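Participant: Please read through the structure below; I'll follow up with questions.
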DNA sequence: ACGCATGTTGTAACCGGTTACATGACCTAG
DNA sequence: CTAGGTCATGTAACCGGTTACAACATGCGT
């Protein structure tokens, strides 16, 4: 037996569908008699309104689409958590879509959301400005997180990757480290690139040598990077990984090799995922969840017709110093 | 200017809406001429189909609703990650809804999903069987994770909490620990209750004393529990926390108090969140992501009309021994 | 008694897709 | 030449809600 519709309810309560709708939406121009009859019929039939149909006629879904490049590592968990918190606080649901592969798939994912969501939050550090511009359906408001360029005039929330990377350079330099390794993030990723560029530039200004190894943001690649260096007989006294997961992998490899952290090698990460605090990792604190919450917040403001200043909001991260660079810091 | 609809495209291409629909859905009974005209019009107008309307007429959304009690701690991140992986692999989107407060809110959240999703995955360890039964809309297939009782005949995926807790009891006993503390999970939570019950029973069979302190699954409550015990001058040589986050909090409190782990106090958690491996926590390994993926998998099978055996699928967890109980294990 | 304001209710169009069915063009076999 | 088949296309109903508007009842003032 198919689910009851509003017309079934109307028939059973002997009223029109308009009256049923009015009762369900708590409009006040309904007589007590009618209200009671409808309420009863709803109960008897176990009627639950069809949200899809409702949003079609209202042109409003109360849902927000979230497009993520992938769902791995604590960074994404955290950002989704922040969005979710804000969304449920403001009465919205989140429609998730993860994009593993290329830009074609991303575009499809975004298109597939048209008519299901009122707006989009897009985290696509691997898409070019153009790709983004034509992937977002025309009439769908969108807020971007960490995109390059101006991204088709969509408002956005951004992390000041350069400031973070420079703080790391300062810190390592002030510790007197002179043979430094940077484990970079995935190629083509805008965050990875900004971090690497700023870090190298800052060290160069100080005349400190850097060696760059490319990673992919996963823990294993941090481990592999260090192992490769050690095997090649390279020596270094400072490591900056482009994110915390790779830093964690690096720490494990260093531990296994019997190198002391921070005495022999200082290690710094980026993001400050929850794990970082637990392993005592010095890192660039990003307040990831807040970044997500802020993006959602702006999107909802736009949806509700409030003025939005537009443009890119830059969030400046701060270095937190823990035991992987400071021997006096409490290890864990 | 409002978004283009299929009728706009039809007008522009000088064909009927039926033809447009046929082209968009790649049906083959369309002439080359028509296909070209439609494709061109779509491009010119930047037309993107309205997924909401589409699913209304197809009675199919390609989305799955996920109801979670809250979104805190790695447990939920992991389970969502597992679901997401499976969902995107099989071409579904995930609609998230977090329920912070009571059963009323949970029921509303599930109802709000009717017509937006093809089915539900519900993780509601705090709801009673009855509450669940009438919160799930009649015609919506649902798969439950870790619910009590039989939950209205919905199929489910369950964790064998008792087996896990017993393994912990065995392990602590075999280490010769005799004064044991259990930091329990939130009251009213079915997992918390099953773990505590089985743990106490197992220790009782061995004649080992246990002291129970109630926590709430958050890290801070694990910390607070240990602090309270130490302040009260209690002494103990084994701690079993009902989840890893509380175990992590407990570890921190023990460290601060100068107690050695595992020599003075052995610590065991539950869940094996990613963090556990990093801090060397002995714990009950749950394969959280797989649990989520499995639930989704079953739901999709049901949606696609495949036979489902029904009933509750029990997943037996395994103890993984790390450095918080085994001094020989590699610390981190 | 009438006109008019007020309040409740129902009818039907609409949101933007899909698709059953009808139509008509064209081809082929008898 | 006609009957029947194939193929591309269009018309309109339908999915399940919302709501503008019309219709009607009621009560009031005059």
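The values are calculated or read from the model by the stated rules, or taken from the named source; none is laboratory data. This one's a predicted model, so the numbers in the text were calculated from it and none came from an experiment. All Cβ positions, glycine included, derive from the backbone under ideal geometry; neighbour counts span all protein chains shown.
Participant: What about residue B:20, is it within 16 Å of DNA strand C (Cβ to nearest atom), over 18 Å from residue A:66 (Cβ atoms) and crowded, with 22+ Cβ neighbours inside 10 Å? Give the steps one after another, and end with the answer.
Facilitator: Numbers: within 16 Å of DNA strand C (Cβ to nearest atom): yes; over 18 Å from residue A:66 (Cβ atoms): yes; crowded, with 22+ Cβ neighbours inside 10 Å: yes.
When the stated conditions are applied, residue B:20 passes them.
Participant: For the stretch A:29-47, which positions are part of a loop (DSSP other than H, G, I, E, B) and more than 7 Å from DNA strand C (Cβ to nearest atom)?
Facilitator: First pass over the stretch A:29-47, keeping only residues part of a loop (DSSP other than H, G, I, E, B): A:29-31, A:46-47.
Scanning the stretch A:29-47 gives A:46, A:47.
Participant: Here's another thing I want to ask about it. Of the numbered conditions (1) surrounded by 12 or more Cβ atoms within 10 Å (Cβ to Cβ); (2) part of a loop (DSSP other than H, G, I, E, B); (3) more than 9 Å from DNA strand C (Cβ to nearest atom), residue B:11 fails exactly one; give the number of that condition.
Facilitator: Unmet for residue B:11, out of (1) surrounded by 12 or more Cβ atoms within 10 Å (Cβ to Cβ); (2) part of a loop (DSSP other than H, G, I, E, B); (3) more than 9 Å from DNA strand C (Cβ to nearest atom): (2).
Participant: Here are some residues: B:224, B:232. Which one is farther than 25 Å from residue B:73 by Cα and not assigned by TED's automatic domain parsing to the domain that holds residue B:70? First the steps, then the outcome.
Facilitator: Details: B:224 fails: farther than 25 Å from residue B:73 by Cα.
Exactly one residue qualifies, and that residue is B:232.
Participant: One residue is enough: does the stretch B:172-179 have a residue meeting the conditions touching a helix residue (DSSP H, G or I) at 6+ places or on another chain (Cβ under 7 Å) and over 22 Å from residue B:69 (Cβ atoms)?
Facilitator: Residues of the stretch B:172-179 that are touching a helix residue (DSSP H, G or I) at 6+ places or on another chain (Cβ under 7 Å), as a first pass: none.
No.
Participant: Scan the stretch B:282-327 for residues that are within 30 Å of residue B:264 (Cα to Cα) and crowded, with 19+ Cβ neighbours inside 10 Å and report the count.
Facilitator: Residues flagged as within 30 Å of residue B:264 (Cα to Cα) and crowded, with 19+ Cβ neighbours inside 10 Å within the stretch B:282-327 amount to 9.
Participant: Considering (1) within 12 Å of chain A (Cβ to nearest Cβ); (2) under 23 Å from residue A:107 (Cα atoms); (3) within 16 Å of DNA strand D (Cβ to nearest atom), say which one residue B:23 fails and leave the rest.
Facilitator: Going through (1) within 12 Å of chain A (Cβ to nearest Cβ); (2) under 23 Å from residue A:107 (Cα atoms); (3) within 16 Å of DNA strand D (Cβ to nearest atom) one by one, residue B:23 breaks only (1).
Participant: If the requirement is being closer than 22 Å to residue A:88 by Cβ and surrounded by fewer than 22 Cβ atoms within 10 Å (Cβ to Cβ), which of these qualifies: B:29, B:25, B:62, B:108?
Facilitator: Details: B:29 fails: closer than 22 Å to residue A:88 by Cβ; B:25 fails: closer than 22 Å to residue A:88 by Cβ; B:62 fails: closer than 22 Å to residue A:88 by Cβ.
One residue alone meets the criteria, B:108.
Participant: Could you please let me know if residue A:26 is in a helix (DSSP H, G or I) and either farther than 30 Å from residue A:144 by Cα or within 11 Å of DNA strand C (Cβ to nearest atom) (or both)?
Facilitator: On the way: in a helix (DSSP H, G or I): no; either farther than 30 Å from residue A:144 by Cα or within 11 Å of DNA strand C (Cβ to nearest atom) (or both): yes.
No.
Participant: Then there is this: If you go through the stretch B:232-241 one residue at a time, do you hit one that is surrounded by fewer than 20 Cβ atoms within 10 Å (Cβ to Cβ), modelled with pLDDT of 95 or more and under 29 Å from residue B:70 (Cβ atoms)?
Facilitator: Scanning the stretch B:232-241 turns up no residue that is surrounded by fewer than 20 Cβ atoms within 10 Å (Cβ to Cβ), modelled with pLDDT of 95 or more and under 29 Å from residue B:70 (Cβ atoms).
Participant: Please enumerate the residues belonging to the stretch A:244-292 that are without any contact (Cβ under 8 Å) to a residue 24 or more places away in the chain and within 12 Å of another protein chain (Cβ to nearest Cβ).
Facilitator: Once the filter is applied, which keeps residues that are without any contact (Cβ under 8 Å) to a residue 24 or more places away in the chain and within 12 Å of another protein chain (Cβ to nearest Cβ), the stretch A:244-292 yields A:255, A:256.
Participant: In this structure, does residue A:54 turn out to be surrounded by 13 or more Cβ atoms within 10 Å (Cβ to Cβ), within 7 Å of DNA strand C (Cβ to nearest atom) and under 27 Å from residue A:93 (Cα atoms)?
Facilitator: Working: surrounded by 13 or more Cβ atoms within 10 Å (Cβ to Cβ): yes; within 7 Å of DNA strand C (Cβ to nearest atom): no; under 27 Å from residue A:93 (Cα atoms): yes.
In short, no.
Participant: So, in the stretch B:152-171, how many residues would count as being under 26 Å from residue B:240 (Cβ atoms) and outside any strand (DSSP E or B)?
Facilitator: So the count comes out to 12.
Participant: Could I ask something else about it? So which of B:104, B:33, B:40 ends up being more than 19 Å from residue B:157 (Cβ to Cβ), more than 9 Å from DNA strand D (Cβ to nearest atom) and outside the structural domain of residue B:143 (by TED's automatic domain parsing)? Step through it out loud before you land on a result.
Facilitator: Details: B:104 fails: outside the structural domain of residue B:143 (by TED's automatic domain parsing); B:33 fails: more than 9 Å from DNA strand D (Cβ to nearest atom).
Exactly one of B:104, B:33, B:40 is more than 19 Å from residue B:157 (Cβ to Cβ), more than 9 Å from DNA strand D (Cβ to nearest atom) and outside the structural domain of residue B:143 (by TED's automatic domain parsing), namely B:40.
Participant: With the requirement that a residue be free of Cβ contacts under 8 Å to residues at least 60 places away in the same chain and surrounded by 19 or more Cβ atoms within 10 Å (Cβ to Cβ), what does the stretch A:193-215 give you?
Facilitator: Kept after step one, since they are free of Cβ contacts under 8 Å to residues at least 60 places away in the same chain, are these residues of the stretch A:193-215: A:193-194, A:196-215.
The answer is A:194, A:196, A:198, A:199, A:202, A:203, A:210, A:213, A:215.
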